[in-house]
Amino acid sequence: MRKILLLFTCMFSISVFSQIKVLKNETLVEIGKDNSVGLYKKQDKFTINYQDLNTSNLNTFRSFSFLNLNGDVESLYKLISDGFIDTPIGNITLELPNDIIELHYEKNYGQSTVQFIQYINKNRKYVGKSQLLNKKQIDKIFGKTNGKSALYDKPATMNNVNTTSKPSTASTAAPSSSSKDKKSRK
């Protein structure tokens, strides 16, 4: 009887003093994802996550964020899509509060593709690069194929949480939400 009581006491104490607690992030909504690039929404802040191909560690994920002021998400989608129709001569440069993002277009096996190039904290020494994306992949990432593009202007109330995401092994840049995004062409 003493052994059963001791076993019960040990099991109870382990469950009471556990160190790991699972938290649910109910405001994170996945707009779209293709391979290692995804667009997520939390309230009015949009984040693009991507696997950094510019590092030797293939488990390095980076991200950049921006607010949807004046329909900036739709404007970014249109800017990227227009680049597939009329390929720009140089990179298109977008300035965020903490980062500089370049849209690099090139032909890959005869197909137009775009790549996100991120200068982390506006420092040209720290560069992250996404995979090359075609028009179909961009449509999927921006939620045009699954109908989630309708969530751009709606509050994030869905419980679609990305619970299978891998932890980032590199620092990610998260701009402050006080400034408006600036877009300029190079």
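Where a number appears in this text, it was derived from the coordinates with a stated rule and is not lab data. Remember, predicted model here, so these are calculated numbers, not experimental data. Reconstructed Cβ throughout: ideal geometry from the backbone, glycine too, with neighbour counts over all protein chains shown.
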Cβ-based exposure ranking for V114, V127, V37, in which fewest neighbours within 10 Å come first:
V127, V37, V114
Just to be sure I understand: if I project the alpha-carbon convex hull of the range 90-156 onto a plane and average over all orientations, what area do I get in nm²?
6.0
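Could you list, in their original order, any pairs among K122/K144; K78/K144; K78/K107; K41/K107; K107/K136; K45/K135 whose Cα atoms are separated by more than 22 Å?
Table pairs above 22 Å Cα-Cα are K122/K144; K41/K107; K45/K135.
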Please order S75, S56 by the number of other Cβ within 10 Å, starting at the fewest.
S56, S75
Can you put S130, S63 in order, fewest other beta carbons within 10 Å first?
S63, S130
